[in-house]
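Only the coordinates and a few stated rules stand behind these numbers; no lab work does. Because the structure is a prediction, the values reported are computed rather than measured. Cβ sites come from the backbone with ideal geometry, for glycine too, and all protein chains shown count toward neighbours.
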Amino acid sequence: MTESLLELASGDAILGVSTNGAEALRWRVGPDEILWRADPSVWGQTAPVLFPIVGWTAAGVRHRGQVYPLGLHGFAAARAFRLVDRAADFLRLRLEDDAQTRALYPFAFRFDVVYRLSARALECSLEVCNTGAEALPYAAGLHPGFRFDWNAPAGFVFEKEERASVPIIAPGGLFSAERRPVPLEGRTLALDADLMRQEALCFLDVASRSTELTNGGRRLRFDFADFPHIALWARPPAPYLCVEAWTGYGDPVGFAGDIAEKPSMRALPPGGFARHTARFAVLS
């Protein structure tokens, strides 16, 4: 893919977005870099966009008796997007189905990623349109990695009280029916390297629509109005923490149904449209 880096600015904030995968590669507020810089030796991405599924599949996806080799988090992060519209602080990138996508996911779609930058906040919307003649099953998500200091005190604070356990992730990234406890006290989850070394913490069907991350002297706020699932993932001691927003999640252990039956998938009728928006704000 030929990559173009597009830059937005608002006040003293700068956002750099690649046309490859519509991925945000840099977000700076004043002198502070908010996103981590990709390191291929640890994790070669910064903030991938997830579509048309989220998570792993047991062995591809099935539709009308045929199996399609759709892999982890779908294909959007590996595709070139087309620039549709932009302003100094606004950007719209678009991906549409073609022969390559239909070999993996046999549906017609239009998928836009929209960024809006302000002086201390970044808003990202994922817009899905069904341009085909049959229902469109899909999931979408955001996977940003934020700079993180594992030697500093850290906590993840939910807006509301949540269940103090998460699903155990089985081999192959599949979701087990078993759960494991996490150190959630009230609304606050204490974060440390030992906790995050095990596997991703996937909070499904959360009551909270906003959260805050504290790490040393930094506070970030996340508003996830249109995403029911939140995941935390890292590879300590690499200096990042991913705070992910999902509309869907990986296959459960033993799942062998049609893609439309996959848990938490959305379905758009022909001509249907959906928007999922997240907002990330620097509080201090």
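At-a-glance table
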{"read-out": "Point-charge dipole on Cβ atoms (K/R +1, D/E -1) for segment 5-282, about Cα centre, debye to 20", "value": "220 debye"}
{"read-out": "Per-peptide average of other Cβ atoms within 10 Å, ordering 247-260, 180-193, 132-145 highest first", "value": "132-145, 247-260, 180-193"}
{"read-out": "Label corresponding to Cα extents along the principal axes in Å when calculated from the structure given, among (i) 95, 46, 37; (ii) 52, 47, 35; (iii) 51, 41, 32", "value": "(ii)"}
{"read-out": "Euclidean distance of C-alpha centroids, segment 106-140 and segment 25-92, integer Å", "value": "12 Å"}
{"read-out": "Under the Debye formula (equal points on every Cα, no solvent term), log10 I(q)/I(0) of segment 44-163 at q = 0.14, 0.16, 0.22 Å⁻¹", "value": "-0.74, -0.91, -1.31"}
{"read-out": "³J(HN,Hα) computed for each position of segment 137-145 - Karplus, 6.51 cos²θ - 1.76 cosθ + 1.60, integer Hz, glycine/proline x", "value": "x, 7, 9, 9, x, 10, 9, x, x"}
{"read-out": "Per-residue [θ]222 nm for the chain (sum of -39500 (n - 2.57) over DSSP H runs n ≥ 4, rounded to 500)", "value": "-500 deg cm²/dmol"}
{"read-out": "Calculated SAXS-style log₁₀ I(q)/I(0) at q = 0.24, 0.25, 0.28 Å⁻¹ - segment 190-248, Debye, Cα scatterers", "value": "-1.07, -1.13, -1.26"}
{"read-out": "Gained length - SER41 relative to SER284, 0.36 nm times residue gap less alpha-carbon distance", "value": "84.4 nm"}
{"read-out": "For PHE109, distant residues with modelled amide H under 5 Å away", "value": "ASP97, THR131"}
{"read-out": "Karplus-derived 3J(HN,Hα), 6.51/-1.76/1.60, for each residue of segment 183-195, Hz, glycine and proline x", "value": "x, 8, 10, x, 9, 10, 9, 6, 10, 8, 4, 4, 4"}
{"read-out": "Percent RCO, i.e. relative contact order, over segment 144-226, from Cα pairs under 8 Å lying at least 6 residues apart", "value": "37 percent"}
{"read-out": "Full-extension gain in nm, SER210 to LEU72, via 0.36 nm per residue minus C-alpha separation", "value": "47.1 nm"}
{"read-out": "Gained length - THR131 relative to ARG64, 0.36 nm times residue gap less alpha-carbon distance", "value": "22.2 nm"}
